[in-house]
Amino acid sequence: MVNPILLIIAPLSAAFIIPLMGYGLKRIVKFIPPLVMGFNLVVSLSLAPKVIKNPIIVFLGGFPPPFGINLYVGPLGILFSCVISLVGFIVSIYALNYIKQGAEQKYHALYLLLLTGATGIVLTGDIFNLFVFYEILCISSYALVGYTGEKAGIESASKYLIQGSLGSSLILIAIALLYGKFGTLNMADMASRIDSVHTMELFFPLVLFITGMGVESAIFPLNAWLPDAHSSAPSTISAILSGIAIKIGIYALCRVIFTIFGATDILQFLMLLGLVTLLVGEFSAFSQDNIKRMLAYSSTGQIGLIVFAMGVGTQYGISGGLFQFTTHALSKSLLFLTTGYMIYRAGSMKISALEGMGKKMPLTSVAFTIGAFSLIGLPPFIGFPSKFMIVYSVLARQSGLYIVFLALVLAGTVIEGAYFFKVIQAIYFKGERKDDRAKEAPLSALIPVIILVLLIIGIGIYPKVLTSILDSSAAELLDRIGYIKEALK
Amino acid sequence: MRKIFSLIILIILALGVYICISEIPFGKPGTAVGNYYIEKGIEETGAVNIVTSIVLNYRGFDTLGEVTILFLASLGLGAILATVQNKTRGVITPPSLILTTACRFLFPFILMFGAYIFLHGHLTPGGGFQGGAIIASGFLLRYLGCPQKRIRQSSFVAIESLGGIAFIIIGLLGFTAGGFFLFNFLPKGVANTLLSAGIIPLIYIAIGLKVGAEMAGIIDTLIEES
Amino acid sequence: MIIIITSLVITMLAGAIAACALRDLLSAAIASCLVSLAAAILFYFLQAPDVAMAEASIGAALVTAILVIAIRRTERQE
Amino acid sequence: MDFLNNYIFYIGAFGLIFIGLYILLTRKNLIKLIIGLSIVDTGVNLLIICMGYLKNGTAPIFSRKGLNPETMVDPTPQALVLTSIVIGVAVLAMALSLAIRLYQHYGTLDMRKIKEQKW
């Protein structure tokens, strides 16, 4: 059996090696990320069947928790790690020819470190270790947003940095207060000492956690940085930030709320938060004329949908939320990757500049359309079963308030459909392109796009491949006692 | 307006803090985890300085992440400032002879002191991070005193990478020897002597050199063309 | 003992307020250096010599140095 | 006196955190914001160390024989703070490099004037 620690160590050591290769092996640096991520994907997939039956607990340094740090490799962690390495693998293939400007080697090292941070967060079982990996994720995102050194990137990176580090300071205060109260840092040990969050002195750390992690996951009042940061970075970085980084914030939030605090009372608040985020995101996306900003706002909306599904609080609802997470990771990275070359060929990010692209770049345009349909939730694509699951789980609660919420979510979906159709109309049915510059994207960009399209259609037609892992992940989140028992065994 | 608004936020925050803090008395008896470290620390890791044994053994994985963050900062810094166009150099008054000589004289001693700090990390207060910072301040002094003498960036980068790789390799050796990543597989030795505590001094040497190179590299990148 | 600690805390808070109020960024950076230095001594009183050393060498020395270098490369007045 | 004995460190820690947050909320100069961040960091570090303090305790180092393990302060927070200090300096260095680049592009560090992008 492969030890899950390799999922973190492999990208980390690759990132350490990359700067050394500057002395003559520059050519092959860009092949390292796909290689490492492919390795991670294989390891994650091979671990998945075992983990669904029994979570693997890894002691680091040979000390049992709560004295040492442990990795808790449960179904939830493996699901996230599979998606991270899958998206990371695909985007890194795309980057082979796409990344030319700026410091190329540093881009690849930073990219690997971002994925290291994300993998570390989803696998660790220690709250301070989670904070350390969270910082790795955040700092590499700041660096990636600003690494081209262009005006827009630097500006949005500095705004992102100020808000993000404020958020991480709040998380650290919360960790300090929890340590002062319980004298432990292990999540399972901490959870076993928390009975209820009704008392005020536990409510305050919870609020700090939600605020701090809300910054990274861009929940409504804290999402000011997202549209700038995601739209000013190069397309591969936008894809990885939208596809993975913000979702990891939601993972951390769910871990804290469900596993550590067991705070099932605040779930309705979470639903409300998700709903507001969804509506704000979709309405802002509707009014954009810059395609990358539109996609970035649409990410906010999707985050709202995922948080909303998490707030439903039943096993079916949480499975739906995790399914939606997978959907969004695949579809949004597909959308960003396809728009990457469209923007490159059109020379502008305006939606009107993309008119007539349907004839010049047929494959890319079809892929874009598929991604958009999948996000809206149209049948043969992956978005349909995930949205269906969320709708069904809300209806199953049989409460008037939930029905109202659901109506608003569906209204958000209609708006989403409206702005995506606007773009699709511009690509296919408007204007004629006379210039010769617009031609099909190169092969290294088409291969990842085609892989993503196949995955989106494949899982959409046969969603049962994911059922077992989604169900056991949702069970892991809801079964607090089981988590504590497994981790402290 | 903005000030009043932020004051209101801070007052709400202060209330929450007060409620939270009043439950945690100051100077209370230690926790179970902390007591375990104090009682078993020397026996299990061989380090007399319990903080070191926590930083490098019990919670060594955190330290790996921490080292990664510094590496990340110097990478990101280099990437962001990489394409800065060379400005015309401002007129700098050259440092006087006394200053230059003093810097040259002090520089090796500062390096030696830093090395001492990180070599004795398991015996006395201090360790790789503190020692590395002291080494970096030596480089800072050198840049102030003899600005024309520069160390090549690439050598800093090489030391950074090698330090990180050395940390991971030590961890993986522990994995092959004991089945756990970062397992303390070397003999613990007699407590309170220099050659004790297994892998701790080795990791601290790697960290000390790495942190020193990283911080010096950060200063070097920032000070360039100024 | 308690008097020394109280005066240190007051110095530290005064440094922080100065860093907030001063318009000259260089002075603000030096004031934040004062905060770190006082905090380092407080760490020593709290029986944390390792942390005191780290705060003094990293927080007070290096952070101030890179702040001053950055202020030199940008502008000095707020 | 008793009040001071119990609360003076907490007052210092939270005082720093609040002053830092106030800087972050009201000031607009990027370097000032970065200074605010570093002050918040220092305050949080002080808070974490306070969580492990034992009255009349000794440092957790067995430098000589005859030290009583029962009167030692909790070493875990100290290890956490070492990590946190290093993270703080890393974030600070990144932020300052961004500030330098920002100044080259815009000629100012006032975040009110830097509004190329909509917030």
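The values are calculated or read from the model by the stated rules, or taken from the named source; none is laboratory data. This structure is a prediction, so every number in the text was calculated from the model and none was measured. No Cβ is skipped: glycine too gets one built from the backbone with ideal geometry, and neighbour counts run over all protein chains shown. Just the protein is used for accessible areas: all its heavy atoms, side chains included, with ligands, DNA and RNA removed. Shrake-Rupley method; radii C 1.70, N 1.55, O 1.52, S 1.80 Å.
A few comments on the model shown:
- Residue within region C:7-27 that is within 12 Å of the chain's Cα centre (by Cα), farther than 17 Å from D:Phe9 by Cβ and within 7 Å of another protein chain (Cβ to nearest Cβ) present: yes
- Test: residue in region A:199-222 that is more than 27 Å from the chain's Cα centre (by Cα) and away from chain B (no Cβ under 11 Å): no
- Residue count for region A:423-436 under the criterion of being crowded, with 17+ Cβ neighbours inside 10 Å and basic (Lys, Arg): the result is 1.
- Hits in region A:223-236 (condition: in a helix (DSSP H, G or I) and away from chain D (no Cβ under 11 Å)): A:His230, A:Ser235, A:Thr236
- Of all residues making up region A:66-104, the number that are closer than 19 Å to A:Ile244 by Cα, crowded, with 24+ Cβ neighbours inside 10 Å and touching a Gly at 6+ places or on another chain (Cβ under 7 Å): 1
- Just one of the listed residues (A:Ile171, A:Ile175, A:Ile194, A:Ile139) is hydrophobic (A, V, I, L, M, F, W, C), touching a Leu at 6+ places or on another chain (Cβ under 9 Å) and without any contact (Cβ under 8 Å) to a residue 40 or more places away in the chain, and it is A:Ile139.
- Some residue of region B:135-144 being more than 14 Å from chain C (Cβ to nearest Cβ) and over 14 Å from the mean Cα position of the chain (by Cα): no
- Selected residue [part of a helix (DSSP H, G or I), of a type in the set (D, E, K, R) and more than 21 Å from B:Lys210 (Cα to Cα)] from D:Arg112, D:Arg101: D:Arg101
- Filtered by the rule that a residue be surrounded by fewer than 11 Cβ atoms within 10 Å (Cβ to Cβ), at pLDDT below 80 and among the hydrophobic types (A, V, I, L, M, F, W, C), region B:74-102 gives B:Val91, B:Ile92.
- Looking only at region B:103-134, and only at residues there that are without any contact (Cβ under 8 Å) to a residue 24 or more places away in the chain and open to solvent by 50 Å² or more (accessible area, probe 1.4 Å), the one that is nearest to the other protein chains (Cβ to nearest Cβ): B:Phe113
- For A:Asp265: the one exception among (1) of a type in the set (D, E, K, R); (2) closer than 30 Å to A:Val449 by Cα; (3) open to solvent by 10 Å² or more (accessible area, probe 1.4 Å): (2)
- For region A:239-262, the criterion of a residue being charged (D, E, K, R), more than 23 Å from A:Phe89 (Cα to Cα), buried (at least 23 other Cβ atoms within 10 Å of the Cβ) and away from chain B (no Cβ under 14 Å) is satisfied by at least one position.
- Test set (1) open to solvent by 10 Å² or more (accessible area, probe 1.4 Å); (2) assigned to a helix (DSSP H, G or I) - A:Tyr107 fails condition number: (1)
- When region A:355-398 is filtered for residues that are open to solvent by less than 10 Å² (accessible area, probe 1.4 Å) and among the aromatic types (Phe, Trp, Tyr), only A:Phe368 remains.
- Selection status of D:Ile8, crowded, with 24+ Cβ neighbours inside 10 Å and either in a helix (DSSP H, G or I) or more than 7 Å from every other protein chain (Cβ to nearest Cβ) (or both): no
- C:Glu78 being in contact with a Lys or Arg (Cβ under 7 Å, 6 or more places away or on another chain) and either within 7 Å of another protein chain (Cβ to nearest Cβ) or at pLDDT 90 or above (or both): yes
- Those helices (runs of 4 or more DSSP H) of region A:279-398 in which 2 or more residues are more than 22 Å from A:Gln425 (Cβ to Cβ) occupy A:291-312, A:315-346, A:383-396.
- Of the listed requirements (1) farther than 30 Å from A:Glu104 by Cβ; (2) touching a residue at least 12 places away in the same chain (Cβ under 8 Å); (3) surrounded by fewer than 19 Cβ atoms within 10 Å (Cβ to Cβ), A:Pro49 misses just one: (2).
- Look at region A:445-456: where a residue is of a type outside the set (Gly, Ala, Ser) and a partner is in a helix (DSSP H, G or I) and surrounded by fewer than 20 Cβ atoms within 10 Å (Cβ to Cβ), sitting 6+ places away or on another chain with Cβ atoms under 9 Å, you get A:Leu446/A:Leu363; A:Val449/A:Leu363; A:Ile450/A:Leu363; A:Val453/A:Val366.
- Residue count, region D:81-101 (criterion: facing chain B (nearest Cβ under 8 Å) and more than 13 Å from B:Leu222 (Cβ to Cβ)): 7
- Members of region A:399-417 that are in a helix (DSSP H, G or I) and open to solvent by 30 Å² or more (accessible area, probe 1.4 Å): A:Gly400, A:Leu401, A:Ile403, A:Val404, A:Ala407, A:Leu408, A:Leu410, A:Ala411, A:Val414
- Scanning region B:30-76 for residues that are more than 10 Å from chain A (Cβ to nearest Cβ) and assigned to a loop (DSSP other than H, G, I, E, B) gives B:Gly46, B:Ala47, B:Val48.
- Residue count for region A:179-198, restricted to those that are among the hydrophobic types (A, V, I, L, M, F, W, C), within 12 Å of chain B (Cβ to nearest Cβ) and assigned to a helix (DSSP H, G or I): 2.
- Condition check for B:Phe183 on (1) over 25 Å from B:Leu99 (Cβ atoms); (2) open to solvent by less than 30 Å² (accessible area, probe 1.4 Å); (3) not basic (Lys, Arg): one failure, at (2).
- Among the residues listed as D:Ile34, D:Ile39, D:Ile48, the single one being within 18 Å of A:Leu170 (Cβ to Cβ), more than 7 Å from every other protein chain (Cβ to nearest Cβ) and within 25 Å of the chain's Cα centre (by Cα): D:Ile34
- Of the residues making up region D:58-76, those that are at the interface with chain B (Cβ under 8 Å from one of its Cβ atoms) and within 24 Å of the chain's Cα centre (by Cα) are D:Ala59, D:Pro60, D:Val73, D:Asp74, D:Pro75, D:Thr76.
- Any hit, region A:149-169, residues being at the interface with chain B (Cβ under 10 Å from one of its Cβ atoms), surrounded by fewer than 24 Cβ atoms within 10 Å (Cβ to Cβ) and over 20 Å from B:Arg59 (Cβ atoms): yes
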